[in-house]
Amino acid sequence: MKHSVVRRLLVLLAIMALMTTLAPPISASTTGIISGVITDSETGVKLSGVNIVVKGTNLTTVTDENGYFVITNVPPGTYEVRASLVGYGEGIEQDVQVVMDSTSQATLALTKETREESDVVVIKKKKLVQPDIATSFYLVPSRQEKMVKNHPNNLYQIPGIVSTQPGVTVDGDGRPHIRGGRDNEIGYMLEGIPITEPLTNVFGTNTVTVGMSKMQIYTGGYRAEYGNAISGVFNEIKKTGSEAPGGRLELVGGAQGYKGSYLEFGGTSPSGLDYYIGSYLWRSEFEKMFFAGCESSDNIGKFVYTKDDNKWTLLINQGSARYYLDAVHDITYMREPVTPENDHGHQGYNIIGLTWSHNFSPSSFITIRPYRYNTKALIDALSFEGGMYTYLDYGTRQRGLQIEYTNQFNENHLFKTGGSIIRSKNYYMAWTPDLGPMLGFPEWGDYHYTTDITSTQYGLFMQDQVKLNDRWRGEFGIRYDGMKFNKVENPDTDESQISPRLGLTYQPNDKTVLKTSWGRFIQFPPTYVMERIYVNPDWNNYRLGNCDLKPQRSTSWDITWEQQLSNDTLMRITPFYRNYTDLLQSQSVNPADPSSMARTYVNSGEGKSTGCEFYLTKRFSDNWEGWLSYTWMRSRANASDFTSSVTPGVWTYTDWDQRHTLNAVAAYRHKDWEHNFQFFWGSGLADAVTADTAEYQGHAPDAFVFSWNIIKKLPEGSRLGDHVFLNIWNVFNTGKPTHFYVYPDGSKEAETYITPRFITLGVVKKF
């Protein structure tokens with residue numbers, strides 16, 4: 001088996017080497033490209049030697065003999081592109097949005113200067129439509145992130161940012177779901193580094209966004225660069241020192257013992273070093289069912305050094321969270337108080353990645369990125385009535401290497417290829433003695449399970465984008481993924497899959513774009529279901545891992561109508577369909593006894609989701625900006641581990657199914673005041689069903705939340721700080737339940753509620 005993996009890797013490297021000789025190199029998975037043609041406004045002649053500058057960066061170039069220019073390795077964001085040539089007035093194109101792995105066009109026509117008119121400046125706003133992107137994609141900048149920082153659990157976490165985007169539903173536990181899929185079907189990335197934990201297929205620690213510059217959200221047929229995800233992709237880009245020069249200290253406090261501090265510092269040096277450091281610490285006594293308060297920290301360091309045609313980026317991210325479990329005694333059978341010294345949960349992670357990019361030419365480059373990603377979680381000493389003691393310890397040690405090559409052949413053709421290999425060591429151990437006596441089942445005895453698996457994931461992709469003519473653009477991508485599991489108790493497993501991706505855009509005019517994308521996607525099973533030993537010598541109750549599990553699969557298709565309604569307003573309508581096959585679910589080890597507690601996992605589940613997204617956004621003008629998103633969706637599955645149904649084969653609504661989801665976010669800025677408003681309305685999440693049929697499954701009542709954030713700039717030189725802010729979550733204090741648990745007799749029990757009104761007050765000091 002080892003030799004087969006080596007042979008496959010050699011083949012992959014050979015193919016990549018061949019591609020490198022056939023095509024000049026390209027872009028990193030965290031950057032985009034700006035290209036265009038500069039012409040004479042009167043004659044239409046293409047101008048050579050025009051100086052091109054991307055404002056706010058050190059990126060510059062000149063047009064070639066055909067008036068064409070290309071700038072690679074541009075960080076995602078919105079820029080102003082300036083063009084200047086002796087004898088001509090300056091040309092400026094504003095609001096050029098750069099998306100990773102795509103080319104943004106900036107085309108300008110310069111006007112000749114005359115003696116009477118020597119300072120002619122042509123300013124042009126970039127159209128809001130995106131004809132170069134066929135997939136469903138949303139870019140959330142840090143400016144918009146702060147507009148939704150109201151909820152105590154969302155102040156610096158991913159769900160608070162992404163929940164307002166089309167196609168995203170947040171369940172009763174605060175976990176995001178994209179177009180009807182599970183939260184563990186999402187690909188989580190940090191600047192191109194996959195941080196999806198192989199053990200569970202989620203990012204196992206707090207998904208904090210300290211130092212976030214942009215959040216990139218793919219909800220549709222994402223490109224071949226992304227693998228091991230079947231619902232969507234989140235990719236977070238951290239700030240640079242040039243984005244956040246100087247220092248900034250933020251102090252915040254509020255209800256339920258909430259207090260936090262946020263410190264960031266950044267800048268640049270004459271030697272070409274760009275540096276950014278950020279640190280956040282918060283604590284809250286905010287109670288949930290199984291904990292009464294928590295504290296969390298997150299620290300980020302990003303260092304970028306550029307010299308000649310080389311760029312090195314060092315990224316360091318470390319975080320931890322601690323949960324105090326002294327609230328669990330409120331549960332009926334858990335009456336003994338516990339001590340915070342012994343009863344706690346702890347999570348931690350650290351990420352370090354080094355990225356080297358080298359430009360072979362103005363239009364091509366290669367990127368090599370080694371990285372390390374470690375996680376660890378521990379829950380210890382739950383001492384309850386009946387003598388129960390729980391110890392849970394699990395974690396991942398991951399090492400990876402990515403190689404990517406990009407070439408912008410010309411203004412009409414972008415090609416990218418790359419490969420990766422990821423090595424992961426995953427372990428999981430849980431132990432609870434005498435669980436049965438506590439619950440009244442003395443025959444249960446001890447309850448424990450362990451797993452220890454090493455996995456090796458490897459992949460290869462190609463992505464080709466072609467501008468066929470002025471109206472039509474096409475995308476084609478193909479990806480090959482393989483995974484080898486080295487298990488202790490079961491035979492080794494080696495799985496592989498090929499996934500094609502297609503996209504097409506049609507632009508009948510400069511304000512209208514029609515798009516469609518289709519793709520097949522795969523995700524390898526989490527390692528804990530491959531080998532899970534669940535030991536109970538006195539009772540027929542155990543789980544066995546299945547070493548023959550196949551990857552889970554999805555097929556996605558959508559079509560988008562994108563229309564610019566005005567200079568500052570864009571509308572997007574996207575109907576979509578996605579089906580899931582080979583979903584994991586548990587079944588009895590003995591088919592003759594379906595009720596047996598001795599179970600294993602199989603690929604027998606199916607799921608499907610249909611819906612339509614509506615998105616209306618307004619960029620900043622007349623002192624305000626904002627967006628409105630609405631999603632109609634129907635999400636169903638017949639897998640018992642996909643929904644809460646205990647009956648495999650019975651189609652039920654998923655626990656995060658919600659027919660109507662509406663979000664409206666707006667910011668108004670005037671003089672020294674800024675007001676951010678957020679409104680949410682949901683028609684109600686589906687009930688969790690425990691009966692043998694889904695006849696009585698319904699949905700929770702509709703719910704709405706209105707939140708308000710006020711920022712007041714202080715007079716210059718104020719000792720208090722630069723500005724103060726007030727956050728009010730759930731202004732009207734709506735308290736409806738959001739999720740119900742339905743028992744076999746038809747009775748219901750509310751599981752989750754809308755968080756009550758929550759107020760925080762803070763101050764920011766810049767230095």
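Being among the polar types (S, T, N, Q) and modelled with pLDDT of 90 or more is the filter here; which residues of region 672-695 pass it?
Asn676, Gln678, Ser683
If Gly232 meets every condition in (1) surrounded by fewer than 24 Cβ atoms within 10 Å (Cβ to Cβ); (2) not assigned by TED's automatic domain parsing to the domain that holds Thr375 apart from one, which number is that one?
Result: Gly232 passes all but (1).
For the structure I just gave you, tell me whether Ile379 is at pLDDT below 80, of a type in the set (Val, Ile, Thr) and assigned to a strand (DSSP E or B).
yes
Which of the numbered conditions does Asp745 fail, given that it passes all the others? Conditions: (1) in contact (Cβ under 8 Å) with a residue 24 or more places away in the chain; (2) surrounded by fewer than 15 Cβ atoms within 10 Å (Cβ to Cβ); (3) under 30 Å from Asn638 (Cα atoms).
Evaluating Asp745 over (1) in contact (Cβ under 8 Å) with a residue 24 or more places away in the chain; (2) surrounded by fewer than 15 Cβ atoms within 10 Å (Cβ to Cβ); (3) under 30 Å from Asn638 (Cα atoms) leaves (1) as the failure.
Out of everything in region 487-505 that is surrounded by fewer than 16 Cβ atoms within 10 Å (Cβ to Cβ) and touching a strand residue (DSSP E or B) at 6+ places or on another chain (Cβ under 9 Å), what residue ends up being modelled with the highest pLDDT?
Ranking the candidates gives Pro500 first.
Tell me which residues, restricted to region 210-257, are touching a Phe, Trp or Tyr at 6+ places or on another chain (Cβ under 6 Å) and either among the hydroxyl-bearing types (Ser, Thr, Tyr) or in a strand (DSSP E or B) (or both).
Ile217, Tyr218, Gly232, Val233, Phe234, Thr240, Gly247, Glu250, listed by residue number.
Say we look at region 389-436 and pick out the residues that are of a type in the set (D, E, K, R) and more than 24 Å from the chain's Cα centre (by Cα); which of these is modelled with the lowest pLDDT?
Within region 389-436, the match that is modelled with the lowest pLDDT is Asp434.
I want to confirm something. Restricting to region 706-756 and keeping residues that are among the aromatic types (Phe, Trp, Tyr) and more than 28 Å from the chain's Cα centre (by Cα), which single residue is nearest to Arg669 (Cα to Cα)?
Across region 706-756, the extreme among qualifying residues is Phe732.
Of all the strands (runs of 3 or more DSSP E) wholly in region 686-767, which have at least 1 residues that are over 16 Å from Gly172 (Cα atoms) and not hydrophobic (A, V, I, L, M, F, W, C)?
703-713, 723-729, 758-766
I'm checking my understanding of the structure. Among residues of region 666-678 that are farther than 21 Å from Ser718 by Cβ and surrounded by fewer than 17 Cβ atoms within 10 Å (Cβ to Cβ), which one is farthest from the chain's Cα centre (by Cα)?
Top of the filtered list is Tyr668.
Checking Ser269 against (1) without any contact (Cβ under 8 Å) to a residue 12 or more places away in the chain; (2) within 24 Å of Phe725 (Cα to Cα): exactly one of these is not met. Which one?
For Ser269, the exception is condition (2).
Please work out if Ile38 is touching a Leu at 6+ places or on another chain (Cβ under 7 Å), at pLDDT below 90 and either on the phi > 0 side of the Ramachandran plot or not in a loop (DSSP other than H, G, I, E, B) (or both).
Answer is no for this residue.
Considering only residues that are buried (at least 21 other Cβ atoms within 10 Å of the Cβ) and not in a strand (DSSP E or B), look in region 506-531 and name the one that is modelled with the highest pLDDT.
Phe524
With part of a strand (DSSP E or B), in the same structural domain as Arg283 (by TED's automatic domain parsing) and modelled with pLDDT under 90 as the only criterion, which of Asn359, Asn342, Asn317 stands out?
Result of the check over Asn359, Asn342, Asn317: Asn359.
If the Cβ limit is 7 Å and pairs must be 6+ apart or interchain, which residue in region 69-91 that is more than 22 Å from Gln144 (Cβ to Cβ) and outside any strand (DSSP E or B) pairs with which residue that is hydroxyl-bearing (Ser, Thr, Tyr) and modelled with pLDDT under 90?
Gly89/Thr111
Pull up region 177-219, narrow it to residues that are at pLDDT 85 or above and β-branched (Val, Ile, Thr), then point me to the one that is nearest to the chain's Cα centre (by Cα).
Looking at residues that are at pLDDT 85 or above and β-branched (Val, Ile, Thr), I get Ile217.
Please find, among Thr135, Thr114, the residue that is among the polar types (S, T, N, Q), surrounded by 19 or more Cβ atoms within 10 Å (Cβ to Cβ) and modelled with pLDDT of 70 or more.
Being among the polar types (S, T, N, Q), surrounded by 19 or more Cβ atoms within 10 Å (Cβ to Cβ) and modelled with pLDDT of 70 or more holds for just one of Thr135, Thr114, which is Thr135.
Does at least one position in region 80-89 carry a residue that is in the same structural domain as Lys46 (by TED's automatic domain parsing), at pLDDT below 85, among the aliphatic types (A, V, I, L, M) and out of contact with any helix residue (DSSP H, G or I) (no Cβ under 8 Å at 6 or more places or on another chain)?
no
The values are calculated or read from the model by the stated rules, or taken from the named source; none is laboratory data. Model, not experiment: these values are computed from the prediction. Cβ atoms come from the backbone with ideal geometry, glycine included; neighbour counts cover every protein chain shown.
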